[in-house]
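The values are calculated or read from the model by the stated rules, or taken from the named source; none is laboratory data. Just so it is clear, the model here is predicted, and its values are computed rather than measured. Heads up, the Cβs are rebuilt from the backbone with ideal geometry, glycines too, and the neighbour counts pull from every protein chain shown.
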Amino acid sequence: MLEISNLTKTFNRGSINEVTAIRSLSCFVNKGDFVTVIGSNGAGKSTLLNLVAGSYLPDEGVIRLGGRDVTTWPEHKRAAYIGRVFQNPLSGTCASMSIEENFAMASRRGRGVRLKWGVTRRDRAFFKDKLRLLGLGLEHRLKDKVGLLSGGQRQSLTLLMATLRRPRLLLLDEHTAALDPRTAQQVLQLTAEIIREMELTAVMVTHNMRHALELGNRLIMMHQGRIIMDVAGEKKSALSVQDLLHEFSNLRGDEIADDKLLLI
Amino acid sequence: MSLYAFIGAWEQGLVYGLMVLGVYLTFRVLDFPDLTVDGSLPLGAAVSGAMIVHGVDPFLSLGAAVLAGALAGAVTAVLSTKLRIMSLLASIITMTALYSINIRIMGRPNLTLLNKPTIFQSLNFFGMPQYLLVPCVFLVIVVICKILLDLFLHTQMGLALQATGDNPQMIRSQGVNTDTMIILGVSLSNALVALAGGLVAQSQGFADVGMGIGTIVAGLASVILGESLVGSHSVVRHTFAVLVGSVVYRLAIVVALSYQVGVLRLTPSDLNLITAVLVVICLTVPLLREKMRFKRA
């Protein structure tokens with residue numbers, strides 16, 4: 001499904017602030033995989049997702065999606081295959097527009113926009129059915145501006161919108177990090193349900209090791225722009241938070257003093 | 001205020017309302033501060049005027065003015081999106097270039113259209129006097145344009161345009177090319193402004209290269225005034241608000257010009273100063289109100 005080979009990305013090249021965020025990274029995500037990605041701050045997790053989504057273009061390497069070379073495709077073109085949820089709950093929706101208008105735009109993902117009526121009656125019925133799944137009562141508030149909703153509600157909406165049309169690949173970038181623990185848990189549960197029911201291929205970046213272990217069938221640990229651990233299936237199920245911490249201390253040596261950066 | 005001045009203010013408020021709709025589209029919907037309008041208003045006047053002088057049908061000349069305005073907007077938008085020039089600067093560049101282009105189009109800095117055919121002669125079905133006919137024609141055109149703009153903003157493309165101004169990251173991740181949307185929106189905006197320019201030239205009987213100075217500030221003043229008077233909860237209400245703002249703004253100008261304060265009597269050339277002060281007041285009132293509340297608390 002997703003094939004990354006020798007990907008390299010350096011920011012501020014040639015300046016004093018030069019940072020190599022991704023170092024010749026290669027990775028293959030199979031169809032139906034649900035990969036969780038962990039790593040400390042600056043490990044390159046978010047950069048990797050942004051490179052896959054096309055927000056940045058890589059310096060070197062190739063990204064293939066469903067067999068197609070998409071390395072030079074702009075973000076909006078890749079969107080036809082990719083659903084995204086961002087860390088910032090405000091990033092995935094338009095605050096000044098209504099719930100139904102936001103959904104209408106999501107329902108056009110990858111199909112192009114035309115001079116046809118934006119929200120039709122049939123759309124509305126479909127959106128209501130989807131919103132009912134959230135159990136937040138939003139199905140009665142189709143005309144409300146999204147800016148009136150809470151961060152958790154907006155993140156749930158973004159998740160629904162990203163999967164309104166089945167994406168070939170779902171990218172979740174620490175999408176529960178900015179929410180309070182209870183809301184985060186709800187959004188996470190919803191994420192797991194949607195991915196299971198729609199049988200999606202998904203990559204979820206998280207700071208939370210427990211979440212990384214609980215969800216998904218495969219776990220990737222990143223450090224300094226490289227993948228330093230990649231376990232799947234039963235090997236992953238057998239992992240514990242202690243194992244992960246141990247792994248970190250092995251690979252990072254004295255840097256483990258930094259382990260506040262890792263949430264257990 | 002005399003009846004003539006009153007009707008005159010309505011006439012101006014309505015025709016410049018088209019320009020204000022354009023300014024609303026860039027400043028409010030797209031969040032793209034666009035000063036091209038100071039050049040595209042006289043561009044519309046120049047294109048329409050020059051074509052009429054050369055014997056082209058007045059309606060056709062307005063169509064050409066609309067296209068010219070759209071092209072000017074597209075130039076600004078391409079400078080900004082493809083060449084990555086800051087939007088404000090890109091629009092100043094286009095505006096500056098349009099000054100020379102407008103003189104080229106007219107062949108000289110101004111044109112007179114006296115005794116030339118205009119759309120008003122062919123639209124005068126009821127033998128109305130000119131001073132009533134012109135505002136009526138403008139009203140019809142403005143209402144049509146407002147309704148079309150409202151409808152457009154509710155299409156799939158219109159929603160994507162709104163989203164481009166609200167949250168470009170979101171709409172890109174829904175598969176829309178935001179550069180294309182900005183080019184489309186800024187072109188549409190300047191097409192409306194140029195239409196206003198063409199209509200002004202035909203109603204006043206002349207086109208002048210300097211007639212665009214201060215357009216953007218007047219447009220902004222109208223937008224802000226209308227929003228505070230009528231509100232902006234929905235697209236339909238917002239576009240109505242900016243049109244109300246346009247008329248109220250012109251009425252306020254007429255009133256301001258008709259009063260004498262001591263030895264000081266305002267003249268039409270003081271207009272831009274008054275407008276500038278008005279915009280500053282409108283923009284700072286919310287801030288001052290906030291500060292007052294803070295002090296009291």
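B:MET181: in contact with a helix residue (DSSP H, G or I) (Cβ under 9 Å, 6 or more places away or on another chain), of a type outside the set (Gly, Ala, Ser) and under 24 Å from A:LEU164 (Cβ atoms), yes or no? Give the derivation first.
On the way: in contact with a helix residue (DSSP H, G or I) (Cβ under 9 Å, 6 or more places away or on another chain): yes; of a type outside the set (Gly, Ala, Ser): yes; under 24 Å from A:LEU164 (Cβ atoms): yes.
For B:MET181, the condition - in contact with a helix residue (DSSP H, G or I) (Cβ under 9 Å, 6 or more places away or on another chain), of a type outside the set (Gly, Ala, Ser) and under 24 Å from A:LEU164 (Cβ atoms) - is met.
Could you give me the residue pairs with C-beta distances under 6 Å whose first residue belongs to segment A:147-167 and is within 14 Å of chain B (Cβ to nearest Cβ), whose second residue is assigned to a loop (DSSP other than H, G, I, E, B) and among the β-branched types (Val, Ile, Thr) wherever it lies, and which are 6+ apart or on separate chains?
A:ARG154/A:THR93; A:LEU157/A:THR93; A:THR158/A:THR93
Go through segment B:96-111 residue by residue and tally those that are under 22 Å from the mean Cα position of the chain (by Cα), outside any helix (DSSP H, G or I) and surrounded by fewer than 20 Cβ atoms within 10 Å (Cβ to Cβ). Steps first, please.
Filtering segment B:96-111 down to residues under 22 Å from the mean Cα position of the chain (by Cα) leaves B:96-103, B:105-106, B:109-111.
From what is left, the residues that are outside any helix (DSSP H, G or I) are B:109-111.
Those still in the list that are surrounded by fewer than 20 Cβ atoms within 10 Å (Cβ to Cβ) too: B:109-110.
Summing the residues that are under 22 Å from the mean Cα position of the chain (by Cα), outside any helix (DSSP H, G or I) and surrounded by fewer than 20 Cβ atoms within 10 Å (Cβ to Cβ) in segment B:96-111 gives 2.
Among the residues of segment B:113-130, count how many are within 22 Å of the chain's Cα centre (by Cα) and among the hydroxyl-bearing types (Ser, Thr, Tyr).
1
Looking only at segment A:91-134, count how many residues are basic (Lys, Arg) and at the interface with chain B (Cβ under 10 Å from one of its Cβ atoms).
To start, the set of residues in segment A:91-134 that are basic (Lys, Arg) comprises A:108-109, A:111, A:114, A:116, A:121-122, A:124, A:128, A:130, A:132.
Then keep just the ones that are at the interface with chain B (Cβ under 10 Å from one of its Cβ atoms); that gives A:108-109, A:111, A:114, A:116.
Total satisfying the criteria: 5.
Looking only at residues that are without any contact (Cβ under 8 Å) to a residue 40 or more places away in the chain and of a type outside the set (Lys, Arg) in segment A:71-90, which one is farthest from the other protein chains (Cβ to nearest Cβ)?
Of segment A:71-90, the ones without any contact (Cβ under 8 Å) to a residue 40 or more places away in the chain are A:71-80.
Filter again for of a type outside the set (Lys, Arg), leaving A:71-76, A:79-80.
On the way: A:THR71: 18, A:THR72: 15, A:TRP73: 11, A:PRO74: 7, A:GLU75: 5, A:HIS76: 5, A:ALA79: 4, A:ALA80: 6 Å.
That would be A:THR71.
Kindly establish whether A:GLU101 is over 21 Å from A:ASP230 (Cβ atoms), surrounded by 15 or more Cβ atoms within 10 Å (Cβ to Cβ) and touching a Leu at 6+ places or on another chain (Cβ under 9 Å). Step through it out loud before you land on a result.
Values: over 21 Å from A:ASP230 (Cβ atoms): yes; surrounded by 15 or more Cβ atoms within 10 Å (Cβ to Cβ): yes; touching a Leu at 6+ places or on another chain (Cβ under 9 Å): yes.
Yes.
Quick one: is B:LEU21 touching a residue at least 24 places away in the same chain (Cβ under 8 Å), of a type in the set (A, V, I, L, M, F, W, C) and in a helix (DSSP H, G or I)? It would help to see each step written out before you state the result.
Values: touching a residue at least 24 places away in the same chain (Cβ under 8 Å): yes; of a type in the set (A, V, I, L, M, F, W, C): yes; in a helix (DSSP H, G or I): yes.
Criteria met by B:LEU21.
Which one of these does A:ILE195 not meet: (1) under 18 Å from A:LEU49 (Cβ atoms); (2) among the aliphatic types (A, V, I, L, M); (3) in contact with a helix residue (DSSP H, G or I) (Cβ under 8 Å, 6 or more places away or on another chain); (4) modelled with pLDDT of 95 or more?
Going through the list (1) under 18 Å from A:LEU49 (Cβ atoms); (2) among the aliphatic types (A, V, I, L, M); (3) in contact with a helix residue (DSSP H, G or I) (Cβ under 8 Å, 6 or more places away or on another chain); (4) modelled with pLDDT of 95 or more, A:ILE195 breaks only (3).
Quick check on A:ARG68: is it farther than 30 Å from A:ARG141 by Cα and without any contact (Cβ under 8 Å) to a residue 12 or more places away in the chain? Quick ask: steps written out before the conclusion?
Working: farther than 30 Å from A:ARG141 by Cα: yes; without any contact (Cβ under 8 Å) to a residue 12 or more places away in the chain: yes.
When the stated conditions are applied, A:ARG68 passes them.
Which of the residues spanning segment A:24-56 are in a loop (DSSP other than H, G, I, E, B), more than 14 Å from every other protein chain (Cβ to nearest Cβ) and over 21 Å from A:ALA232 (Cα atoms)? So that I can check it myself, show each step before the final result.
First pass over segment A:24-56, keeping only residues in a loop (DSSP other than H, G, I, E, B): A:30-33, A:39-44, A:54-56.
Okay, now just the ones that are also more than 14 Å from every other protein chain (Cβ to nearest Cβ), so A:30-33, A:39-44.
Across segment A:24-56, the qualifying residues are A:ASN41, A:GLY42.
Kindly evaluate B:PHE206 against the criterion of being surrounded by fewer than 22 Cβ atoms within 10 Å (Cβ to Cβ) and within 14 Å of chain A (Cβ to nearest Cβ). Step through it out loud before you land on a result.
Numbers: surrounded by fewer than 22 Cβ atoms within 10 Å (Cβ to Cβ): yes; within 14 Å of chain A (Cβ to nearest Cβ): no.
No; evaluated as a whole, the condition is false for this residue.
In segment B:150-165, which residues are surrounded by fewer than 22 Cβ atoms within 10 Å (Cβ to Cβ) and either more than 7 Å from every other protein chain (Cβ to nearest Cβ) or touching a Ser or Thr at 6+ places or on another chain (Cβ under 9 Å) (or both)?
Within segment B:150-165, B:ASP150, B:LEU151, B:PHE152, B:LEU153 qualify.
Say whether the condition of being loosely packed, with under 15 Cβ neighbours inside 10 Å and part of a helix (DSSP H, G or I) is met by at least one residue in segment B:119-127.
Within segment B:119-127 (the criterion being loosely packed, with under 15 Cβ neighbours inside 10 Å and part of a helix (DSSP H, G or I)), the answer is yes, since at least one residue qualifies.
Tell me the residue from B:ILE93, B:ILE171, B:ILE144 that is surrounded by 16 or more Cβ atoms within 10 Å (Cβ to Cβ) and more than 14 Å from chain A (Cβ to nearest Cβ), please. Write out each step before concluding.
Working: B:ILE171 fails: more than 14 Å from chain A (Cβ to nearest Cβ); B:ILE144 fails: surrounded by 16 or more Cβ atoms within 10 Å (Cβ to Cβ).
Answer to the check: B:ILE93.
Can you tell me which residue among B:SER269, B:SER232 is more than 27 Å from B:LEU71 (Cα to Cα) and outside any helix (DSSP H, G or I)? Before you say what the answer is, go through the steps one by one.
Values: B:SER269 fails: outside any helix (DSSP H, G or I).
Result: B:SER232 is the single residue among B:SER269, B:SER232 that is more than 27 Å from B:LEU71 (Cα to Cα) and outside any helix (DSSP H, G or I).
Within segment A:182-194, can one find any residue that is in a helix (DSSP H, G or I) and within 14 Å of another protein chain (Cβ to nearest Cβ)? Walk me through it before giving the result.
Start the filter on segment A:182-194 by keeping residues that are in a helix (DSSP H, G or I), which leaves A:182-194.
Filter once more, so that each one left must be within 14 Å of another protein chain (Cβ to nearest Cβ): none.
The answer is no; no qualifying residue exists.
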